[in-house]
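The values are calculated or read from the model by the stated rules, or taken from the named source; none is laboratory data. Worth saying up front: this structure is predicted, and the values here are computed from it rather than measured. Glycine also receives a Cβ, built like all others from the backbone with ideal geometry; neighbour counts cover every protein chain displayed. What goes into the accessible areas is simple: the full protein's heavy atoms, side chains included, and nothing from ligands, DNA or RNA. Shrake-Rupley method; radii C 1.70, N 1.55, O 1.52, S 1.80 Å.
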Amino acid sequence: MSYNITSLNELAAQFERLPGIGKKTALRLSYFILEQPPERAKRFAEALVNAREKIHFCETCQALTDEDKCSICADENRDRSVICVVENPKDIMAFERTREYKGLYHVLHGAISPLDGIGPDKLKIKELMSRLADGTVTEVIMATNPTVEGEATASYISRLLKPMGIKISRLAYGIPVGGELEYADEVTLSRALDGRNEI
């Protein structure tokens, strides 16, 4: 009979379900939890349960929050005339790290992908349209990913917004800082040329 601890195996199996976690890492994390004082392990478990129970979509922008409105939508100092449309809540964090953007956001929770069975009805597009109805927003920045799905989504939403007379802009894509031109693909170089600025 081989050495087997059912509870440890179950814990490792749960860790292994997380993205980027393989068998060895899952087992290492499980042993780490077991080496902690019981109170710390309990706090970890409670944090998981609390996060899952309390975090939900912001009623305005569809980002994640544990309040009715997220801290960005609740901030009266944000520019309410601009909405940046992103695919996922974690995209907001990337923009906020720049400390440059002062407007609001709207999270679609995905991108149009017919092959994966994701049509416009599966995204938070209706919620975006209702936010634009009162005429406060004058510009929508399409910040979906530079993928086929992201481009299709940006194009679809842009067509919906055109009749509303709202300015629609798209993020410029190009050569990353520190990158070398010889390694850039044709699409990236084309985007870099299109998004060039005067110096």
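Of the residues making up segment 1-52, those that are part of a loop (DSSP other than H, G, I, E, B), farther than 27 Å from Thr65 by Cα and either open to solvent by 80 Å² or more (accessible area, probe 1.4 Å) or in contact (Cβ under 8 Å) with a residue 12 or more places away in the chain (or both) are Met1, Ser2, Tyr3, Asn4. Restrict the check to segment 180-190 and report whether at least one residue is acidic (Asp, Glu) and under 22 Å from Phe57 (Cα atoms). No, segment 180-190 contains no residue that is acidic (Asp, Glu) and under 22 Å from Phe57 (Cα atoms). All told, Asn88 falls short of being polar (S, T, N, Q) and more than 16 Å from the chain's Cα centre (by Cα). Among the criteria (1) at pLDDT 95 or above; (2) part of a loop (DSSP other than H, G, I, E, B), the one Pro146 does not fulfil is (1). Condition check: touching a residue at least 12 places away in the same chain (Cβ under 8 Å), surrounded by 11 or more Cβ atoms within 10 Å (Cβ to Cβ) and under 30 Å from Glu127 (Cα atoms). Does Asp68 satisfy that? In short, no. Whether a residue is touching a Phe, Trp or Tyr at 6+ places or on another chain (Cβ under 6 Å) and in a strand (DSSP E or B) was assessed, and Cys61 does not pass this test. Picking from residues in segment 71-108 that are closer than 25 Å to Ser158 by Cβ and of a type in the set (S, T, N, Q), the one that is least open to solvent (accessible area, probe 1.4 Å) is Ser81.
I want to confirm something. Restricting to segment 109-145 and keeping residues that are surrounded by 11 or more Cβ atoms within 10 Å (Cβ to Cβ) and among the polar types (S, T, N, Q), which single residue is farthest from Ala172 (Cα to Cα)?
Thr136
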